[in-house]
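Below is one structure, written out as structure tokens; the observations come after it.
What follows draws every value from the coordinates through simple rules; no lab data is involved. Please read all numbers here as calculations on a predicted model, not as lab measurements. Cβ: placed from backbone, ideal geometry, glycine included. Neighbour counts: every protein chain shown.
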């Protein structure tokens, strides 16, 4: 199981393996306060791609397309995380306010896709 959760939400034992998937450390959270098992910086969108989305140069559909291409360049890291989700829940932690359109959801979908291959 792969799920997404905001870093500001309370950690739960059912989260399983908790992975921070933001390139930058989340605002307002001390590094000693966040419960996480891994910080997967290599699976985060590039700075250029994040900037393009937040500046509304591209829409979320185009962001998703480009991000999936970036993820394909980090196939080994993605496969490792997808493989872990076969034996335990994996929770992708993100700081974005938008809970319906964010990179963690794209990453979760990507991991589910490569997991089933």
Exercise. Scan (1) touching a helix residue (DSSP H, G or I) at 6+ places or on another chain (Cβ under 8 Å); (2) assigned to a helix (DSSP H, G or I); (3) within 24 Å of residue 85 (Cα to Cα) for the single condition residue 63 breaks and write down its number.
Key: (3)
Exercise. Count, please, the residues in the stretch 66-89 that happen to be farther than 25 Å from residue 12 by Cα and assigned to a helix (DSSP H, G or I).
Key: 9
Exercise. Can you confirm whether the stretch 8-28 contains a residue that is in contact (Cβ under 8 Å) with a residue 12 or more places away in the chain, assigned to a loop (DSSP other than H, G, I, E, B), in contact with a helix residue (DSSP H, G or I) (Cβ under 7 Å, 6 or more places away or on another chain) and crowded, with 17+ Cβ neighbours inside 10 Å?
Key: yes
Quiz item: If a residue has to be more than 20 Å from residue 62 (Cα to Cα) and surrounded by 20 or more Cβ atoms within 10 Å (Cβ to Cβ) to count, how many in the stretch 95-117 make the cut?
Solution: 0
Quiz item: Quick one: residue 92 ticks every box in (1) assigned to a helix (DSSP H, G or I); (2) in contact with a strand residue (DSSP E or B) (Cβ under 7 Å, 6 or more places away or on another chain) bar one, so which box is it?
Solution: (1)
